[in-house]
Amino acid sequence: MRLLTLRTPAGNKAVRQDGDTLTEIDGFADVGELLRTPGWEATAKAAAGATHPAEGADLDAVVPSPGKIICVGHNYRNHIKEMGREVPEYPTLFAKYQESLIGPNDDLALPQESDAVDWEAELAVVIGKKGRRISEADAADHIAGYAVLNDVSMRDYQFRTIQWLQGKTWEKSTPFGPALVTKDEFAAGPLMTSAVDGEVQQQTPTGDLVFTPEYLVSYISTIITLNPGDVIATGTPGGVGHAQDPKRYLQEGQVLVTTIEGLGQLKNRVIKEA
């Protein structure tokens, strides 16, 4: 099942996608609100609200207002190598905030303060069931599904200190979507790519993670309760612009495309911030 958050003149609507048709899930403004309701999966399957064409749909971030966005650094060996780091013993964690999220086809605005804006294709895990100290064996029961995310990073701000937060959660910088694909229809493994103006920059199977989605759910839930709608961004593979020689960053007029086979595509035109 594919679940999306659609922007309409009457406000956001949670919808289910069936082929070329989007069906409203009555009573829910977005996918995050749906996930916070017991029995959300049956509710979504049974939905029979107003319909919309999928082509040309104006989509918001699939979960526009997650309670937490927890990101994982250094989780693909080829990216660890290109950044000159060692494979970590434990996950490297940092946070984003909901203000950083944009829709899968929204313009990506270059901030006035940074001239080192980089791409980071990522597999996002979306939580569907509340839990604390979840065992790795039980972690899959707490995952609603998966989506595509790009952890666009302002490298000049990121490396001002040893803490990365200031380079990772800029306002309206993180495309997320297009859909939540439920876990019965997707598992980590398919190919993930990012491309700038059609030139592939990153291309790695999502199964090459150092720490799996189930391990991350278990590890993070040891620290803090995971709630429905929370998001875990599982890390980026090699091919980021900052690691190239010479370094490459996003420029006005370019188009950043992020794809995971089976999940969908983000397509974001790069503009200057107003």
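Filtering the stretch 103-128 down to residues that are under 18 Å from the mean Cα position of the chain (by Cα) and in a loop (DSSP other than H, G, I, E, B), which residue is surrounded by the fewest Cβ atoms within 10 Å (Cβ to Cβ)? Walk me through it before giving the result.
Pass one, the stretch 103-128, residues under 18 Å from the mean Cα position of the chain (by Cα): 103-109, 117-128.
The next check asks that each one be in a loop (DSSP other than H, G, I, E, B); those that pass are 103-107, 119-120, 128.
Values: Gly103: 24, Pro104: 26, Asn105: 17, Asp106: 20, Asp107: 14, Trp119: 28, Glu120: 25, Gly128: 23.
Residue satisfying both the conditions and the ranking: Asp107.
Against the condition surrounded by 13 or more Cβ atoms within 10 Å (Cβ to Cβ), at pLDDT 95 or above, of a type outside the set (Asp, Glu) and assigned to a loop (DSSP other than H, G, I, E, B), how does Val63 come out, does it pass? So that I can check it myself, show each step before the final result.
Numbers: surrounded by 13 or more Cβ atoms within 10 Å (Cβ to Cβ): yes; at pLDDT 95 or above: yes; of a type outside the set (Asp, Glu): yes; assigned to a loop (DSSP other than H, G, I, E, B): yes.
Answer is yes for this residue.
Assuming Gly56 fulfils every condition listed in (1) part of a loop (DSSP other than H, G, I, E, B); (2) of a type outside the set (D, E, K, R); (3) in contact (Cβ under 8 Å) with a residue 24 or more places away in the chain apart from one, which condition is it?
Of (1) part of a loop (DSSP other than H, G, I, E, B); (2) of a type outside the set (D, E, K, R); (3) in contact (Cβ under 8 Å) with a residue 24 or more places away in the chain, only one is false for Gly56: (3).
Do any residues in the stretch 70-91 that are under 16 Å from Glu120 (Cβ atoms) have Cβ atoms under 8 Å from those of residues that are aromatic (Phe, Trp, Tyr) and modelled with pLDDT under 95, where the two are at least six apart or on different chains, and which pairs are they?
Cβ pairs passing all conditions: Gly73/Trp164.
For the stretch 174-188, check the following and say yes or no: at least one residue is surrounded by fewer than 20 Cβ atoms within 10 Å (Cβ to Cβ), farther than 19 Å from Asp115 by Cβ and touching a Pro at 6+ places or on another chain (Cβ under 8 Å).
Yes, there is a match, as at least one residue in the stretch 174-188 is surrounded by fewer than 20 Cβ atoms within 10 Å (Cβ to Cβ), farther than 19 Å from Asp115 by Cβ and touching a Pro at 6+ places or on another chain (Cβ under 8 Å).
Output the helices (runs of 4 or more DSSP H) that fall wholly within the stretch 147-223 and possess 3 or more residues being in the same structural domain as Thr234 (by TED's automatic domain parsing), under 18 Å from the mean Cα position of the chain (by Cα) and free of Cβ contacts under 8 Å to residues at least 24 places away in the same chain, or say none.
Numbers: elements: 155-158, 165-168, 213-223.
Passing ranges: none, list empty.
The values are calculated or read from the model by the stated rules, or taken from the named source; none is laboratory data. None of the values given here were measured: they were computed from a predicted structure. We place every Cβ from the backbone using ideal geometry, glycine too, and count neighbours over all the protein chains shown.
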